[in-house]
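Peer 1: Pasting a structure here, questions to come.
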Amino acid sequence: QVQLVESGGGLVQAGRSLRLSCAASGSTFSIDAIGWYRQAPGKQRELVAAISSAGRTNYADSVKDRFTISRDNAKNTVYLQMNSLKPEDTAVYYCNAGEYSGGGYYALPYWGKGTLVTVSS
């Protein structure tokens, strides 16, 4: 089993930055990749960024050049640095343990409880 705990959300003005953290525990040796998802009110959950154990990354087009995903394997933690935030980035952000399959990120059923990011205009 894998447990994931997100932190770092909050209220921020447009144009500012936040850094989210995802701390993993449990069977962390089994984690191939970690993804950050977000879900805005009334919208489907979407993949924002993902990183493999080897450091491969991918991003949603809407956050490229603004968000950076990174990982500290010694701390079993993955970060999402979010710069130049926009009101449309407002959402609950979830951490997921997954894998890369078929050239893309595939979510496994391990989710954190989420952290709320609110960007005011």
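Peer 1: Measure off, as a whole percent, the carbon and sulfur share of the 1.4 Å-probe accessible area of the chain, all protein chains present.
Peer 2: Exposed carbon and sulfur together represent 47 percent of the surface.
Peer 1: Still on this structure: Roughly how many whole Å is it from the C-alpha centroid of the range 90-121 to that of the range 1-26?
Peer 2: 10
Peer 1: Right, something else. Asp32's amide H: which non-local residues (gap 5+, or another chain) put their own amide H closer than 5 Å, with H modeled 1.01 Å from N in plane and none for Pro or chain starts?
Peer 2: So Asp32 has HN proximity to Gly98.
Peer 1: In addition: Roughly how many nanometres apart are two label points built 7 Å out from the Cα toward the Cβ at Ala14 and Ser53?
Peer 2: Taking the simple label geometry, Ala14 and Ser53 are separated by 4.2 nm.
Peer 1: Now, a different point. Provide the per residue accessible area, probe 1.4 Å, for the chain, rounded to a whole number of square angstrom.
Peer 2: It amounts to 53 Å² per residue over the chain.
Peer 1: Pop the C-beta distance of Leu108 and Ser84 into the FRET formula with R0 = 30 Å and round what comes out to the nearest 0.05.
Peer 2: E between Leu108 and Ser84, to the nearest 0.05, is 0.45.
Peer 1: If r is the Cβ-Cβ distance from Lys64 to Gln39 and R0 is 22 Å, what FRET efficiency results, to the nearest 0.05?
Peer 2: 0.65
Peer 1: From the phi angles alone, apply the Karplus equation (6.51, -1.76, 1.60; θ = phi - 60°) to the range 44-54 and give each ³J(HN,Hα) in whole Hz, x where the residue is Gly or Pro.
Peer 2: Karplus-based 3J(HN,Hα) across the range 44-54 equals 6, 5, 10, 6, 9, 7, 8, 9, 8, 5, 8 Hz.
Peer 1: I've got another one for you. For the chain, restrict the atom set to alpha-carbon positions and state the Rg and Dmax in Å.
Peer 2: Cα-based Rg and Dmax for the chain come out at 13.4, 41 Å.
Peer 1: Which of the aspartates and glutamates could a cross-linker span from Lys113 if the Cα-Cα distance has to be under 14 Å and same-chain partners fewer than 8 positions apart are dropped?
Peer 2: Cα-Cα hits under 14 Å: Glu6.
Peer 1: Using the crude model of +1 on Lys and Arg Cβ and -1 on Asp and Glu Cβ, and no other charge, please compute the dipole size for the range 7-121 relative to its Cα centre, in debye to 20.
Peer 2: 220
Peer 1: Taking the Cα-to-Cβ direction at Leu116 and at Ser7 and moving 7 Å from each Cα, how far apart do the two end points lie in nm?
Peer 2: Rounded to a tenth, the inter-label distance reads 1.9 nm.
Peer 1: Now for a separate question. Report, in debye and to the nearest 20, how large the dipole of the range 57-121 comes out about its Cα centre when Lys and Arg carry +1 and Asp and Glu carry -1 on their Cβ.
Peer 2: Value, rounded to 20: 160 debye.
Peer 1: Which of Ile31, Ile51, Ile69 moves most in a GNM of the chain, Cα contacts under 10 Å?
Peer 2: Ile31
The values are calculated or read from the model by the stated rules, or taken from the named source; none is laboratory data. All values reported here derive from a predicted model rather than from experimental measurement. Cβ coordinates were reconstructed from backbone atoms using ideal geometry, including for glycine residues, and neighbour counts include every protein chain displayed. Keep in mind that these areas ignore ligands, DNA and RNA; they rest on the heavy atoms of the full protein, side chains included. Shrake-Rupley method; radii C 1.70, N 1.55, O 1.52, S 1.80 Å.
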